[in-house]
Amino acid sequence: MSFQTFIEHCHKTLSDRHRQYLRGRGVSDHAIDMFSIGTFPQNINVLFQHVDMKECAEKKIVYKDNFKLSSFFTRDLILPIYDSYGEKIIGLCGRATLSDEEMKSNKIAKYYNSNYEKSKNLFGLHIAKEEILKQDCVLLVEGNMDVVAAFDEGVNNVVASCGTALSDIQLAKLARYTKNIIILYDNDTAGVKATDRIFKKFSKWKDYFSLHRGYVPSGYKDLDDILRGSNNKKEVVADIINSAKGGLDYVL
């Protein structure tokens with residue numbers, strides 16, 4: 001019994017609705033395979049065929065609802081969280097596929113993560129680390145789908161912070177591959193404030209890292225939005241990286 005076999009099942013049974021949703025976002029079958037994206041089963045017993053019920057409860061994948069076990073992830077798009085080596089699945093990330101308006105009106109979070117050590121891990125690092133080494137630079141984004149979208153466009157030095165503020169341990173993991181880190185959080189109030197907190201927190205590391213603030217161009221929300229809305233995708237990302245690296249006012 002393992003999360004690996006469960007994710008293989010979810011991946012093989014990716015629903016037509018979810019595949020259509022992904023294609024609508026420009027996500028290729030290759031990216032779907034690389035990130036093992038799948039559909040969480042409607043029947044929760046399928047989960048228990050692969051993973052122990054106690055472990056599911058500990059990881060907050062299931063909960064009791066009127067004396068019946070239910071899951072937070074049912075029918076969600078599922079992205080597994082791997083360790084830095086890509087050898088072990090340490091958590092699950094569910095992505096709601098409703099429109100922003102529907103999620104807001106129904107008070108549904110865009111992402112839901114199982115219980116795992118988020119502050120010690122980075123989404124996509126097992127795939128991105130070689131390109132980070134090659135380019136000596138990493139783009140840190142908020143959303144896991146930003147990483148998937150970037151990979152699909154050949155921008156492979158991108159990782160996400162797993163829904164947490166950047167931690168000392170996450171920074172240390174990135175430092176194995178580069179000292180040049182560009183923060184490209186969402187172009188909204190929450191994203192700007194989160195970026196400000198990172199710069200304030202890590203001022204103590206100014207002699208060890210070059211931490212830069214990347215700017216999402218006006219009219220775009222995040223990296224995924226940029227990649228879907230631009231004709232010259234790689235050039236736009238290159239401009240973001242170059243302007244961030246040149247922004248000496250924002251280097252620690």
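Looking at (1) touching a Gly at 6+ places or on another chain (Cβ under 9 Å); (2) in the same structural domain as Gly163 (by TED's automatic domain parsing), which one does Lys134 not meet, given that it meets all the others?
Unmet for Lys134, out of (1) touching a Gly at 6+ places or on another chain (Cβ under 9 Å); (2) in the same structural domain as Gly163 (by TED's automatic domain parsing): (1).
Test of understanding: among Leu140, Leu166, Leu227, which residue is buried (at least 20 other Cβ atoms within 10 Å of the Cβ), more than 30 Å from Ile61 (Cβ to Cβ), in contact (Cβ under 8 Å) with a residue 12 or more places away in the chain and not assigned by TED's automatic domain parsing to the domain that holds Pro80?
Exactly one of Leu140, Leu166, Leu227 is buried (at least 20 other Cβ atoms within 10 Å of the Cβ), more than 30 Å from Ile61 (Cβ to Cβ), in contact (Cβ under 8 Å) with a residue 12 or more places away in the chain and not assigned by TED's automatic domain parsing to the domain that holds Pro80, namely Leu227.
Can you tell me which residue in the range 68-90 is nearest to Gly38 (Cα to Cα), limited to those that are without any contact (Cβ under 8 Å) to a residue 40 or more places away in the chain and touching a Lys or Arg at 6+ places or on another chain (Cβ under 8 Å)?
Looking at residues that are without any contact (Cβ under 8 Å) to a residue 40 or more places away in the chain and touching a Lys or Arg at 6+ places or on another chain (Cβ under 8 Å), I get Asp76.
Hey, can you tell me all the residues within the range 173-189 that are outside any loop (DSSP other than H, G, I, E, B) and within 22 Å of Glu117 (Cα to Cα)?
Lys173, Leu174, Ala175, Ile181, Ile183
Restricting attention to the range 21-35, report how many residues are modelled with pLDDT of 95 or more and either over 20 Å from Gly154 (Cβ atoms) or in the same structural domain as Val158 (by TED's automatic domain parsing) (or both).
Residues that pass the stated criteria total 0.
Scan the range 23-55 for residues that are surrounded by 13 or more Cβ atoms within 10 Å (Cβ to Cβ) and either in contact with a strand residue (DSSP E or B) (Cβ under 8 Å, 6 or more places away or on another chain) or touching a residue at least 60 places away in the same chain (Cβ under 8 Å) (or both) and report the count.
Of the residues in the range 23-55, 15 are surrounded by 13 or more Cβ atoms within 10 Å (Cβ to Cβ) and either in contact with a strand residue (DSSP E or B) (Cβ under 8 Å, 6 or more places away or on another chain) or touching a residue at least 60 places away in the same chain (Cβ under 8 Å) (or both).
Among (1) within 28 Å of Glu8 (Cα to Cα); (2) at pLDDT 90 or above; (3) not in a helix (DSSP H, G or I), where does Leu139 come up short?
(1)
Hey, can you tell me all the residues within the range 191-214 that are surrounded by fewer than 17 Cβ atoms within 10 Å (Cβ to Cβ) and in a loop (DSSP other than H, G, I, E, B)?
Lys206, Asp207, Tyr208
Looking at the range 179-190 only, could you name the residues that are out of contact with any strand residue (DSSP E or B) (no Cβ under 6 Å at 6 or more places or on another chain) and surrounded by 18 or more Cβ atoms within 10 Å (Cβ to Cβ)?
Tyr185, Asp186, Asn187
Can you spot a residue in the range 201-219 that is closer than 25 Å to Ala96 by Cα and under 19 Å from the mean Cα position of the chain (by Cα)?
For the range 201-219, residues closer than 25 Å to Ala96 by Cα and under 19 Å from the mean Cα position of the chain (by Cα): present.
The values are calculated or read from the model by the stated rules, or taken from the named source; none is laboratory data. Note that the coordinates shown come from a computational prediction; the quantities given were computed from them, not determined experimentally. Positions of Cβ are generated from backbone atoms using ideal geometry, with glycine treated the same way; all protein chains shown enter the neighbour counts.
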